[in-house]
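One structure is given here, and the rest of the page talks about it.
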Amino acid sequence: MSRSLSSGLRSLRTAPFGADPAGERLARIHRSPNFADGSFQNPEGARTRPTGSSLEFAKIYFRKEERIRRGPTGTVPVHPTTLADLARPPVSGLRVTWMGHSSVLAEIDGRRVLFDPVWGERCSPFSWVGPKRLHPVPVPLAALGPVDVVVISHDHYDHLDMPTIKALVGTDTVFAVPLGVGAHLERWGVPADRLRELDWNESTKVAGLTLTATPARHFCGRGLRNQQHTLWASWAVAGPDHRIYHSGDTGYFAGFRDIGAEHGPFDATMIQVGAYSEFWPDIHMTPEEGLRAHLDLQGGRPDGVLLPIHWGTFNLAPHPWSAPGEGTITEAGRVGAKIALPVPGEPFEPASDSVPAQPWWRGVAIEPESGWAATEDAADAAERVGRSGRAEPAEGTGEPEAARVG
């Protein structure tokens with residue numbers, strides 16, 4: 001492609017598509033140990049494009065009986081008193097509020113961290129087409145109050161939303177992003193001095209918190225011409241008294257053990273368990289893989305609380321809408337892990353004895369042909385966990401997942 005034609009195409013690139021890294025930012029990318037052969041590389045090889053037959057995928061995706069199951073049957077509940085709840089400081093020093101999909105507000109040791117905030121109606125560069133949210137945002141962005149740092153996992157539209165970022169530019173918040181993603185934010189008005197742009201295993205301190213960009217197994221891109229010039233990451237955040245982990249988007253890989261050994265164990269993990277498919281098995285995790293990652297991060301023990309994310313808000317895969325939640329219940333029961341199942345917008349403290357654990361989605365979902373997953377009281381599940389951290393199987397569940405991990 002000629003320089004003039006290439007320049008002309010870039011000039012037609014509208015703001016939601018962001019910007020390509022250039023100058024010193026691009027030079028830094030080229031120096032990264034994770035950049036080779038013209039693109040960022042995954043910690044383990046991963047197919048970033050759908051595998052298998054496109055025709056077969058289309059048959060599954062557009063089949064009427066399966067299409068009906070991919071969305072809620074009624075109004076998705078959201079927590080109605082978020083503003084009042086957030087006005088009170090957390091008793092334990094750590095409170096987590098899932099806003100839907102991968103957007104999470106974490107209040108940790110007196111500071112506030114907002115992960116992957118998406119307040120837009122669609123995860124798309126266009127306002128008239130693309131996946132539309134299935135429930136409203138639980139609380140207006142402006143009503144959240146001050147946020148110390150906004151953390152972005154990667155530049156896909158369901159994690160990096162231009163209208164949300166532009167709304168946050170007028171605040172004093174700092175933005176922590178993977179290497180290369182800063183180019184998008186600068187185009188949208190974020191000053192360079194409010195950016196913390198990190199390669200994997202690099203850390204930055206913000207308001208007394210240590211934020212580390214940790215590896216993930218995914219990919220990047222906001223257009224058809226994807227050069228893999230922006231990095232994707234998971235994030236470990238450590239305060240004086242608490243540690244939390246946000247997976248972003250990732251396929252399962254052995255590196256979770258290393259992340260846990262270096263930065264864990266965590267009081268809470270926020271792990272992607274939705275939008276998975278056999279057509280892209282390397283870049284998103286199933287609930288079973290998500291629980292396996294949680295155990296790896298916790299040194300092989302079912303400690304802390306797992307919050308399943310990346311589901312319930314947008315229809316992005318062929319699996320039933322309720323499948324990530326149901327699968328998380330099943331797999332947590334196998335390993336005796338404590339999970340949080342809040343209604344979108346419902347704050348909870350991981351150290352509390354009353355972490356929300358009811359399958360709230362069942363009132364607006366089609367029951368699976370195999371029936372709903374068996375629920376188990378968290379205390380009963382914990383009793384099945386021996387001193388070694390291995391869980392005995394719940395009745396009728398077969399081999400314990402913990403016995404198959406590590």
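Multiplying the sequence separation of residue 14 and residue 27 by 0.36 nm and subtracting their Cα-Cα distance, what value in nm do you get? The partial results should precede the final answer.
Working: separation 13, 0.36 × 13 = 4.68 nm, distance 2.45 nm.
That pair, residue 14 and residue 27, stretches by 2.2 nm at full extension.
Restricting to the range 150-227, compute how many DSSP beta bridges are antiparallel as a %, nearest 5.
Numbers: 4 of 10 bridges.
The antiparallel proportion sits near 40 percent.
With θ set to phi - 60° and the Karplus curve 6.51 cos²θ - 1.76 cosθ + 1.60, what are the ³J(HN,Hα) couplings of the range 230-240 in order, to the nearest whole Hz, using x for Gly and Pro?
In residue order, the calculated couplings are 10, 7, 10, 7, 9, 9, 10, 10, 10, x, x Hz.
Using a 10 Å cut-off on Cβ atoms, rank the peptides 243-255, 89-101 from the highest mean neighbour count down.
Values: 243-255: 24.0, 89-101: 21.2.
Result, highest mean first: 243-255, 89-101.
Using modelled backbone amide H atoms (1.01 Å from N, in-plane), which distant-in-sequence or interchain residues come within less than 5 Å of residue 243's amide H?
Residues meeting the amide H criterion: 267, 268.
Cα-based Rg of the range 299-355 per 2.2 N^0.38 Å, rounded to two decimals? If you can, show how the numbers build up before the last one.
Details: Rg = 12.4 Å, N = 57, 2.2 N^0.38 = 10.2 Å.
In units of the globular-protein estimate, the range 299-355 measures up at 1.22.
In terms of modelled amide H atoms, which long-range or inter-chain residues lie less than 5 Å from the amide H of residue 174?
Counting only residues 5 or more places away or on other chains, the set is 149, 150.
If I model a spin label as a point 7 Å beyond the Cα along the Cα-Cβ vector, how far apart are those points for residue 370 and residue 205 in nm?
About 4.9 nm separates the two model spin labels.
Could you list which residues have their amide H under 5 Å from that of residue 132, counting only those 5 or more apart in sequence or on another chain, with H placed in the peptide plane?
It is 315, by chain and number.
Read the figures in this text as sums done on the coordinates, not as results from a lab. Nothing here was measured: the structure is a model prediction, and the numbers come from that model. Here the Cβ is made from the backbone with ideal geometry for all residues, glycine too, and neighbour counts use every protein chain on show.
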